[in-house]
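Undergrad: One structure follows; several queries about it will come next.
The values are calculated or read from the model by the stated rules, or taken from the named source; none is laboratory data. Computed from a prediction, not measured in an experiment: that's the story for all the values here. Cβ atoms come from the backbone with ideal geometry, glycine included; neighbour counts cover every protein chain shown.
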Amino acid sequence: MLFTMPMPKGITVFFCLAILVAAVNSCAYLKKDVVVPPCTLPDSVSYARDVLPVVSANCYACHSTASNISGILLDSYDRLKAYAQSGQLYGAISHSPGYRPMPDGGQQLPVCTIELIKKWIDSGTPR
């Protein structure tokens, strides 16, 4: 017959908590562990090839002459260029403080799309 001594209640509670903490930590999802691959951007960016498809798909529902819901029109190169050069376009799509996050009521554009538009702005908003 095996003889065991009862463990003091405090030690039992400590071991149970230690096991619980270890179990929770081993299953925890840590955001810092997520690896985001770098964006592959073209060497040069242009309005017609790169920016127009993004803007027409994500902005025209509210920001075009046809809809004119917002009063801010982005449906021409010259109009979009003005917002890009003023910093308003990047501020809105990157959800920077002091700017209204766009698309309004929708999810933020993918990081690589934002970087593509930023590259277009930084390179002088080429047509």
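Undergrad: Spot the failing condition for residue 100; the list is (1) surrounded by 13 or more Cβ atoms within 10 Å (Cβ to Cβ); (2) within 15 Å of the chain's Cα centre (by Cα); (3) basic (Lys, Arg), and only one is missed.
TA: (1)
Undergrad: Where the second residue is in a helix (DSSP H, G or I) and of a type in the set (Asp, Glu) and the first is over 23 Å from residue 70 (Cα atoms) and lies in region 105-127, which pairs have Cβ atoms under 8 Å and are six or more apart or on separate chains?
TA: 116/50; 120/50
Undergrad: Of all residues in region 4-49, which are modelled with pLDDT of 95 or more and out of contact with any helix residue (DSSP H, G or I) (no Cβ under 6 Å at 6 or more places or on another chain)? Steps first, please.
TA: Within region 4-49, the subset modelled with pLDDT of 95 or more is 39-49.
Across region 4-49, the qualifying residues are 40, 42, 43, 44, 46, 48, 49.
Undergrad: Right, next: Quick check on my filter: what residues within region 103-116 are exposed (fewer than 15 other Cβ atoms within 10 Å of the Cβ) and over 11 Å from the mean Cα position of the chain (by Cα)?
TA: 104, 105, 106
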